[in-house]
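Let me begin by presenting the structure, written as structure tokens, before commenting on it.
The values are calculated or read from the model by the stated rules, or taken from the named source; none is laboratory data. Predicted model, so just to flag it, every value in this text is computed and none were measured. Ideal geometry is used to build each Cβ from the backbone, glycine not excepted, and the neighbour counts take in all protein chains shown. The protein model used for the area step is the full one, side chains on, heavy atoms only, and it has no ligands, DNA or RNA in it. Shrake-Rupley method; radii C 1.70, N 1.55, O 1.52, S 1.80 Å.
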Amino acid sequence: MSKQRALSKAQSEAEYWLVMMQSPTFDAKQEAAFFAWLESSPAHQAAYINAEEVWQRGEVLARAQQARSTDWFAWLRVGAMPQAAMACVLMLALSVGFYWKLQPQVPVEAWHQTELGEQKEVTLGDGSVVVLNTNTKIRTVMSGVNRVVYLEQGEAFFKVARDMKRPFDVHTQAGMVRVLGTQFNVYDSGEQTVVTVLEGSVGVDKQAGKSAPNDGETAFNADVTLVRNQEIVVEEADTAALPREVDASAKLGWRSKRLIFRSDSLQTVVTELNRYFDTQLVLATPELAQKEVAAVIQISDFDSMLTTLQQALDLRADKDIASNTVLLTPVSATP
């Protein structure tokens, strides 16, 4: 099968699921089949995300109305299923056009934020859970047709409740992430935005801006789809971009108040640790900054963190109360 035919088949299957899941008889077994299909291929996730956008424009419904004459889905052909069943599906497709109009259109908005060193878990109205890391601010907008989070600054981990009728979008300064139900992390460092997937898959569109009219109704076209243990810098995402393979559990250790470093420079370690404390670490020399570090460091309190860092890397720590800094120097370099 050619790549183009495979993509067309995935798109048709995605639109099929969009129609079928609106049925009041859509049960747990069918839901499990849908998610098995969704998670079996990154192409399915991308196709479904695109199909949702087409659905909201009414194009899927229009194709459903023409299904008899245009042979929309192979499995809906006359003879491929009982005529009564076909009529049921087509009537369903015609009726669900009212679905979006019947949903609450007034969004519910809320703000959540953390201070330096603070972490907070927030449960949203749809059952999704967001864990805010240090110095993070988000705005959530929930309605009957979409679920939107605006990451204003910082880092947040998302455990998204599955809702086949409403996409879950995360808007950042660099672009937008869309999912159905999965676990992933978004970190805006101020210089770049990194998306890391712990479970499931997500679509990333760097063209979809942070500020969207009507809270979340921005057109979405995935530049790249990420699956478990993959991450990407949103600013670098495009159709040719290759996600990086990572150990997502290790990278997201901050949720358990620990940071895991594997062959990272000491400068990288210090930059990360400084995100969590008022007292800032300063390296004495450029050479020290390049020192390679492999360590697991608890960030529950500053003194314990500093002791671990000193012992693991044989460093001397000199505190300057006036500037609220700690100068790190190699013990071998001290007189």
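Observations, loosely collected:
- Residue check, S201 in contact with a Pro (Cβ under 8 Å, 6 or more places away or on another chain), modelled with pLDDT under 95 and not basic (K, R): yes
- Of all residues in the stretch 84-102, at least one satisfies being in contact with a Ser or Thr (Cβ under 6 Å, 6 or more places away or on another chain) and either within 21 Å of I232 (Cβ to Cβ) or at pLDDT below 90 (or both).
- Filtered residues of the stretch 272-281 (kept if touching a Ser or Thr at 6+ places or on another chain (Cβ under 9 Å) and open to solvent by 60 Å² or more (accessible area, probe 1.4 Å)): Q280
- Any hit, the stretch 249-264, residues being over 26 Å from the mean Cα position of the chain (by Cα) and surrounded by 15 or more Cβ atoms within 10 Å (Cβ to Cβ): no
- Only strands (runs of 3 or more DSSP E) whose full extent lies in the stretch 111-182 are considered here, and the ones with at least 1 residues that are within 29 Å of A36 (Cβ to Cβ) and open to solvent by 10 Å² or more (accessible area, probe 1.4 Å) are 120-123, 129-132, 137-142, 147-159.
Residues checked against (1) surrounded by 16 or more Cβ atoms within 10 Å (Cβ to Cβ); (2) under 18 Å from D188 (Cα atoms):
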position: T225; (1), (2): yes, no
position: E235; (1), (2): no, yes
position: P243; (1), (2): yes, yes
position: D247; (1), (2): no, no
position: L315; (1), (2): yes, no
position: D320; (1), (2): no, no
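- The stretch 184-194, subset touching a residue at least 24 places away in the same chain (Cβ under 8 Å) and open to solvent by 30 Å² or more (accessible area, probe 1.4 Å), residue nearest to E118 (Cα to Cα): Y187
- Residues located in the stretch 248-279, provided they are of a type in the set (D, E, K, R) and closer than 20 Å to L132 by Cα: K251, R255, K257, R258, E272, R275, D278
- Among residues of the stretch 1-31 being modelled with pLDDT under 80, aliphatic (A, V, I, L, M) and assigned to a helix (DSSP H, G or I), the one that is nearest to V179 (Cα to Cα) is L18.
- Residue that is modelled with the highest pLDDT, among those in the stretch 36-46 that are among the hydrophobic types (A, V, I, L, M, F, W, C) and open to solvent by 10 Å² or more (accessible area, probe 1.4 Å): W37
- Summed over the stretch 114-152, the residues that are touching a Leu at 6+ places or on another chain (Cβ under 9 Å) and without any contact (Cβ under 8 Å) to a residue 40 or more places away in the chain give a count of 12.
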